[in-house]
Amino acid sequence: MKSDSETPRLLGYRFPAEWESHAATWLTWPRKDGISFPDRYDNIPEYWVTMCRLLSPREEVHINVFDKKHEEEARGHLERGKLKVGERIFLHRFPAYEPWCRDHGPMFLKQIPRSAFRVPRSSLAVVDWGYNAWGNKYPPCDLDDAVPQHVAKFYDLPLFSPGIVMEGGALEVNGKGTLLTTESCLLNKNRNPDLSKKQIEKYLKDFLGVTNILWLGDGIEGDDTDGHVDDLTRFVDPTTVVTVVEEDPKDVNYKRLQDNLKRLRRMKDQDGRPFRVVELPMPGVVEYQGQRLPASYANFYIANGIVLLPVYGHRNDRVAQEMLQALFPQRQVIAINCVDLIWGLGAFHCITQQMPLC
């Protein structure tokens, strides 16, 4: 940015809510050579095929691939799934080491026209936050960090580069000016050690067009992102949040989720009104090879006409699906078993990034 006067906020841009109409969903195809799914990779590409099958009738799907060989692999999986590349599904050689597009992918902003007589050629722009693989846990990540630049160039969109580390999964907005995040992630010294809480808030306001920033505490056990909000609390409309709670007082997540629940009940939106807070259950303990995994029903993805809900073979699967279906009456909530996917320490929200309709 050249000056504060050119920040997205002052240019009329904002980060839309996820339920607003999409032009597309962006994904990054997983790599067998990657580190995200040791011993379980063979089951993983089918998740991307399933997402493409469900999403492509409703919006375009754009997929980052590593190179020619990786593109051929992805194309083969899609074609075996009877999906045609080049119509509603597109492959791009924008390489990334790992598939977590929510965090390394483009965050699309939408410009609010200031006048009926001044409509820009494209109302979209891209924010290119810095990406350091959740506090330099999984180097290298230079290719992942560059993905938003490739996407902005592909669409010929304005690119805003704040120059600080930030991940999409750490941020949740209601589209009206309020943003939810967590102290455990954004204030962690492995991200932006020289920035204060107030300075981080200014970046979020300047680059996402929000006015009201609310802070939760800690994330769930097993979350290597240091507590992304998309495993905890999600907006389902401008005034309603769902937040996960653990029913077992002996579980390590119980106290931290109760603390977040108490905070939410005290919070107000951008207009000073309290939120409607809906408690969503947790799927119990999900482990693999002795490791606690960050399984959560909050990691759903809202797309045109559908909601993709990760489930884990627990008695609460149906409870969570029915609760979300009641909250999304105009969308079909589709439950998909994610026992294999969560071994990568993320689910549907972590691997998607929405592109709003112009």
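The values are calculated or read from the model by the stated rules, or taken from the named source; none is laboratory data. Just so you know, these numbers come straight off a predicted model, no measurement behind them. Cβ: placed from backbone, ideal geometry, glycine included. Neighbour counts: every protein chain shown.
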Exercise for the section: Kindly check whether there is at least one residue in the stretch 169-181 that is surrounded by 18 or more Cβ atoms within 10 Å (Cβ to Cβ), in a helix (DSSP H, G or I) and either acidic (Asp, Glu) or out of contact with any Asp or Glu (no Cβ under 9 Å at 6 or more places or on another chain) (or both). Expected result: no
Practice task
Among the residues of the stretch 90-117, write down those that are at pLDDT 95 or above and of a type in the set (Lys, Arg).
Solution key: Arg93, Arg102, Lys110
Fill in the blank from the handout: Of the conditions (1) outside any helix (DSSP H, G or I); (2) touching a residue at least 60 places away in the same chain (Cβ under 8 Å); (3) under 18 Å from Ile334 (Cα atoms), the single one that Ala23 does not satisfy is (3)
Exercise for the section: Given the conditions (1) crowded, with 22+ Cβ neighbours inside 10 Å; (2) out of contact with any Lys or Arg (no Cβ under 8 Å at 6 or more places or on another chain); (3) under 27 Å from Trp19 (Cβ atoms); (4) not acidic (Asp, Glu), report the number of the one that Leu109 does not fulfil. Expected result: (2)
Handout entry: Check on Arg9, of a type in the set (Lys, Arg), in contact with an Asp or Glu (Cβ under 8 Å, 6 or more places away or on another chain), buried (at least 21 other Cβ atoms within 10 Å of the Cβ) and assigned to a loop (DSSP other than H, G, I, E, B)
Key = no
Practice task
Can you give me the number of residues within the stretch 237-292 that are part of a loop (DSSP other than H, G, I, E, B) and of a type in the set (Asp, Glu)?
Solution key: 6
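Per-residue answers, yes or no, for (1) surrounded by 13 or more Cβ atoms within 10 Å (Cβ to Cβ); (2) farther than 25 Å from Gly305 by Cβ:
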| residue | (1), (2) |
| --- | --- |
| His62 | yes, no |
| Asp67 | no, yes |
| Gly76 | no, yes |
| Phe90 | yes, no |
| Gly130 | yes, yes |
Exercise for the section: Answer yes or no: is there a residue in the stretch 247-264 that is surrounded by 14 or more Cβ atoms within 10 Å (Cβ to Cβ), among the basic types (Lys, Arg), under 21 Å from Asp317 (Cα atoms) and out of contact with any Ser or Thr (no Cβ under 6 Å at 6 or more places or on another chain). Expected result: no
Exercise for the section: Name the helices (runs of 4 or more DSSP H) wholly inside the stretch 44-153 in which the number of residues that are under 30 Å from Leu10 (Cβ atoms) is 2 or more. Expected result: 101-104
Exercise for the section: Specify the residue that is farthest from Leu232 (Cα to Cα); the eligible residues are those in the stretch 250-270 that are among the acidic types (Asp, Glu) and out of contact with any Pro (no Cβ under 9 Å at 6 or more places or on another chain). Expected result: Asp251
Handout entry: Filter result (within 16 Å of the chain's Cα centre (by Cα) and either of a type in the set (Ser, Thr, Tyr) or within 21 Å of Gln199 (Cα to Cα) (or both)) within the stretch 133-176
Key = Trp134, Val165, Met166, Glu167, Gly168, Gly169, Ala170, Leu171, Glu172, Val173
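Yes/no matrix, rows are residues, columns are (1) touching a helix residue (DSSP H, G or I) at 6+ places or on another chain (Cβ under 8 Å); (2) not in a helix (DSSP H, G or I):
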| position | (1), (2) |
| --- | --- |
| Val307 | yes, yes |
| Gly313 | no, yes |
| Gln325 | no, no |
| Ala335 | yes, yes |
| Cys350 | yes, no |
Handout entry: Residue tally, condition of a type in the set (A, V, I, L, M, F, W, C) and within 21 Å of Tyr288 (Cβ to Cβ), over the stretch 197-255
Key = 3
